[in-house]
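Following: one structure in structure tokens, then a few remarks.
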Amino acid sequence: MTKKAKARKPRSDAQIRLGAMVRACRHRLGLTQDELGWRSNLHRTYIADVERGARNVTLRSIMNLANALEVTVGHMLSHATEPAASDGGARVALATDVSDILLVEDNSADATLTERAFKRARITNRLRVARDAEEALGILLGTPGKGRRLPIRPRLILLDLKLPGMSGIELLRRIKADRRTRDIPIVALTVSWSDKSIIECSRLGAENFIIKPFGIESLIRLAPKLDLHLTLGSSVN
């Protein structure tokens, strides 16, 4: 056995199921792998790897493939991640470098809706919830003194603009002004596109906005811009 063969990672059931679905949809449309690659803005060898079940697939690629194959993203994810009864419950697993997401939200009902949207989108990053700006700063910067807590660096911050005490705008300003946190992407959560705070958030460096309450469609739209991605792997606990 060659070193290359030894290093090859085993294919997961989820990867195999996704590959079979892509191949079946491609055949249904009468497309070659080259044509599907052109339609989805992916290289032919990438398509071939996906169909063989030998490729971890990002959410951006799933979106591109779904559009090219004329199916929905949800259709592709459900077929890839819903196992047969005997396969041990394989599902979408994150790449190992994907970290927590911090949700700063004082409304428990909205926080629950956000958690549901993440589950439906198969984004399994741990969602940490801070109920106000002070708690969020404690998570991001750590807490001093007895029982000191080390800072946690999330991949993304979802920030409600209507917070008790320190406002979401002020928290955004402090995060972007601190060299330790300024490069963490922030998506502001607002109730209306007409909210005047949006202009100020843009000026302060918010990457994007979501209108509350939001669901899976908002996450799928934003995922490529924020480098949120999924890989199809074995079951995670």
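Since every read-out is calculated from the coordinates, none of them should be taken as a lab result. Bear in mind the structure is a predicted one, so any value in this text is a computation, not a measurement.
Here are a few things to note about the model shown:
- Gain on full stretching of the segment that runs from Ala48 to Asp100 - 0.36 nm per residue minus C-alpha separation: 15.5 nm
- Extension gain, Asn41 to Thr112: 0.36 nm times the residue separation minus the Cα-Cα distance gives 22.0 nm.
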